[in-house]
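First the structure, in the form of structure tokens, and then the observations on it.
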């Protein structure tokens with residue numbers, strides 16, 4: 001019985017999550033006010049798109065990108081510049097979103113072209129450096145980006161003549177959910193296409209894949225670009241959801257790490273895994289910590305003079321241990337893709353066999 | 001101040017900071033040379049070292065005494081305790097977090113190191129909330145902390161001179177240079193140094209020759225951590241401000257230095273550190289302070305992209 005439930009969860013996790021997400025706003029209305037959380041789910045949907053972007057780069061292709069926040073920032077600021085009324089463009093939500101995705105894809109190629117040939121850990125550091133450069137540049141180029149103020153106010157989206165507003169969150173919820181579903185569908189089709197298979201082949205064994213006629217540079221570049229485009233999309237949605245790009249330091253290393261945690265803890269290369277990772281990570285970061293802070297504050301347990309009593313101060317510690325423990329005990333993540341799991345276990349078995357032989 | 005004097009002054013500051021960066025870079029380069037791991041937590045280890053240094057300064061009451069004539073006697077316990085703490089901590093982290101992952105895919109220990117770095121940053125945040133005078137009684141834990149002068153600040157070139165050289169600069173070179181020389185000699189001539197070079201060249205062959213590879217790797221983490229600890233004492237007493245997120249920034253500088261010099265190469269780390277130190281100082285003076293980090297990261301990206309073996313490193317061939 002447990003096994004059946006487990007298999008349903010693993011194989012149909014996507015549908016399962018979708019069903020829960022669809023009815024959540026209805027159920028949420030019955031909860032007491034301070035426990036309502038469905039409105040807080042929206043960051044999960046937006047950042048899940050970021051996680052799916054990283055999943056293409058890291059999960060499928062096996063390239064570690066630690067600078068995804070930079071592409072999210074590019075998305076947010078492009079969207080801001082294209083829509084805000086202090087700039088000449090003043091486009092609508094859908095045009096701006098489409099253009100932003102294109103700009104993100106282009107930015108991915110521009111960064112990827114010179115760097116994609118680098119070895120894995122060097123690529124990780126280059127992308128990390130790019131992320132930090134982007135953040136500082138956005139802060140310093142005040143004449144274009146408004147510096148630390150961020151670009152605001154940004155107009156709300158419209159759909160078939162309906163104007164979204166910041167006060168009513170339910171339409172936002174379904175809009176973001178629909179966009180996330182579209183990205184999931186896109187990702188899934190991509191995974192099973194020719195391109196997706198060559199990504200996975202590159203991850204498994206680059207030399208073998210090259211011998212089979214896969215052009216590694218082209219294929220990796222494409223992964224980089226798709227990842228960047230999805231990150232830019234999530235940036236644009238983030239900016240339109242907040243009504244402002246926020247300050248450049250919102251797109252810092254921490255965002256890249258949260259995306260990495262989603263992919264790694266959830267399960268590399270598996271869409272349901274990444275979605276679960278997003279629910280766990282962002283749910284923890286922007287729902288549980290926020291609610292815990294309010295509840296503890298009501299009970300008078302928070303002393304702002306004492307760092308230990310503020311829940312959000314424990315964030316780094318918890319993320320850090322989550323990464324360390326996952327790598328140590330369940331490197332394939334909570335909902336692994338079958339291939340990654342098989343590969344990792346093969347490796348462990350090899351190591352064990354080697355140890356045994358040595359002992360003899 | 002004439003233009004030459006400005007240039008000279010920046011050169012002095014750049015070289016001093018460069019020596020400190022080089023000392024941290026050695027930790028990156030040694031670990032990378034042996035286990036091919038970018039020890040992401042190294043910068044944050046350095047940060048914890050400086051927090052321990054400030055705690056000891058507070059316990060000894062060094063912040064209460066007026067500025068010393070030459071060097072406060074307090075730097076002796078600092079230079080013993082902090083490197084010891086950082087070395088053992090680094091060794092322990094390797095033992096618990098990285099060693100079980102030696103046979104895992106290469107990105108696994110890197111991700112683990114990122115996790116360790118986050119845990120360290122969080123410990124630094126809590127440490128800043130310690131109820132001690134030097135930590136402002138634990139109020140505003142996240143804000144930068146002042147590190148008192150434990151070295152005389154009088155100008156050695158006389159009060160009339162525009163260029164300022166203090167015992168501080170002398171102290172920086174007096175600590176960092178002997179440490180680097182000692183390390184170079186140790187790697188060249190001692191038994192463990194020989195073992196380190198052997199493991200760096202080929203771990204399997206080294207193991208077959210009877211070298212305990214895990215012990216050698218442990219020793220590398222211990223030494224690298226101790227150097228970061230020494231660097232944190234020198235850094236805090238030279239720059240006078242420490243904060244819990246500085247590990248990332250300083251660590252990136254040091255890593256850039258290690259890569260620029262050629263990762264795995266000890267003289268490369270020194271050269272890279274000095275170059276980065278000088279570039280930072282020049283960029284602060286002649287470009288703008290807020291663009292300095294962008295300049296350093298641009299250098300990192302350019303070097304990695306066009307000459308990944310660095311200035312002094314041998315071009316590495318990818319093993320198949």
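Provide the gained length on full extension for the span residue B:249 to residue B:69, in nm with one decimal, where the gain is 0.36 nm per separating residue minus the Cα-Cα distance.
Values: separation 180, 0.36 × 180 = 64.80 nm, distance 3.23 nm.
Contour length minus the Cα-Cα distance gives 61.6 nm.
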Report summary line: Full extension between residue B:208 and residue B:137 adds, at 0.36 nm per residue less the Cα distance, a length in nm of 20.0 nm
Query raised in the report: Which percent of the Cα-Cα distances in segment B:140-206 go past 15 Å?
Result: 72
Report task. Just order B:203-214, A:82-93, B:123-134 by mean Cβ neighbour count inside 10 Å, highest at the front, would you? Result -> B:123-134, A:82-93, B:203-214
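What average count of beta carbons from other chains do you get within 10 Å of the Cβ of residues in B:126-136?
Details: counts 6, 1, 1, 7, 1, 2, 0, 0, 0, 0, 0.
Counting other chains' Cβ atoms within 10 Å and averaging over B:126-136 gives 2.
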Report task. Using 0.36 nm per residue of separation minus the Cα-Cα distance, give me the extension gain between residue A:217 and residue A:35 in nm, one decimal. Result -> 60.6 nm
Report summary line: Across all Cα atoms of segment B:133-258, Rg and the largest Cα-Cα distance (Dmax), in Å, are 19.7, 65
Query raised in the report: If we sort A:128-140, A:213-225 on the protection proxy, mean other Cβ atoms within 10 Å, highest first, what's the order?
Result: A:128-140, A:213-225
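Can you tell me, using C-alpha contacts under 8 Å and at least 6 residues apart, the relative contact order of segment B:166-320 as a whole percent?
On the way: 120 pairs, mean separation 26.9, N = 155.
Taking the mean separation of contacting Cα pairs over the length of segment B:166-320, I get 17 percent.
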**Report entry** For a label point 7 Å along the Cα-to-beta-carbon line of residue A:119, residues of segment B:180-215 with backbone N under 14 Å
**Finding:** B:200-203
**Report entry** Size descriptor, Kirkwood hydrodynamic radius, that averages inverse alpha-carbon separations across the protein assembly as shown, Å
**Finding:** 26.6
Query raised in the report: So, by mean Cβ neighbours within 10 angstrom, what's the order for B:3-14, A:195-206 with the highest one leading?
Result: A:195-206, B:3-14
Query raised in the report: Rounded to a whole number, what is D in µm²/s for segment B:227-320 from Stokes-Einstein with the Kirkwood radius over alpha-carbon pairs (37 °C, 0.692 mPa s)?
Result: 232
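Would you mind giving the mean number of other chain beta-carbons within 10 Å of the Cβ of each residue in A:175-183, as a whole number? Mind showing how you got there, number by number?
Numbers: counts 0, 0, 0, 0, 0, 0, 0, 0, 0.
Whole-number average of other-chain Cβ neighbours for A:175-183 is 0.
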Report summary line: Computed on Cα atoms, the radius of gyration and Dmax of chain A in angstrom are 21.2, 76
Requested in this report: Return the whole-Å distance between the Cα centroid of segment A:173-222 and the Cα centroid of segment B:25-53.
Outcome: 35
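Quick check of the Kirkwood formula: for segment B:108-147, what is the inverse mean of 1/r over all pairs of different Cα atoms, in Å? Each step should come with its number before you reach the end.
Working: mean 1/r = 0.0905 Å⁻¹.
Result for segment B:108-147, one decimal place: 11.0 Å.
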Query raised in the report: If you look at just the Cα atoms of segment A:1-137, how large are its Rg and its Dmax in Å?
Result: 19.5, 61
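Could you work out the relative contact order of chain A? I mean the mean sequence separation of Cα pairs under 8 Å and 6+ apart, divided by the number of residues, in percent.
Reported as a whole number, the value is 28 percent.
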Query raised in the report: When the C-alpha atoms of chain B are aligned to their principal axes, what extent does each axis show, in angstrom, from largest down?
Result: 62, 45, 36
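I'm a student and want to see the number: the projected area of the Cα convex hull of segment A:196-329, averaged over all directions, in nm².
Numbers: hull surface 44.1 nm².
Orientation-averaged projected area of the Cα hull: 11.0 nm².
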Query raised in the report: Relative contact order for segment A:26-151 using alpha-carbon pairs under 8 Å, separation at least 6, rounded to a whole percent?
Result: 26
Report task. Note the angle between two axes, namely the Cα long axis of helix B:266-282 and the longest principal axis of the Cα atoms of chain B, as a number of degrees from 0 to 90, rounded to the nearest 10. Result -> 40
Query raised in the report: For segment B:93-170, what D do you get in µm² per second when you plug the Kirkwood radius from alpha-carbon pairs into Stokes-Einstein at 37 °C and 0.692 mPa s?
Result: 198
Query raised in the report: In square nanometres, what is one fourth of the surface area of the convex hull spanned by the alpha carbons of segment A:16-58?
Result: 3.6
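Using alpha carbons only, what's the Rg to Rh ratio of segment A:121-263 with Rh from Kirkwood? Please list the in-between numbers first.
On the way: Rg = 18.6 Å, Rh = 17.9 Å.
Dividing the radius of gyration by the Kirkwood radius yields 1.04.
No value in this document is a laboratory result; all are computed from the given coordinates. Please read all numbers here as calculations on a predicted model, not as lab measurements. A quick note on method: Cβ atoms are made from the backbone with ideal geometry, for glycine too, and the neighbour counts reach across all protein chains shown.
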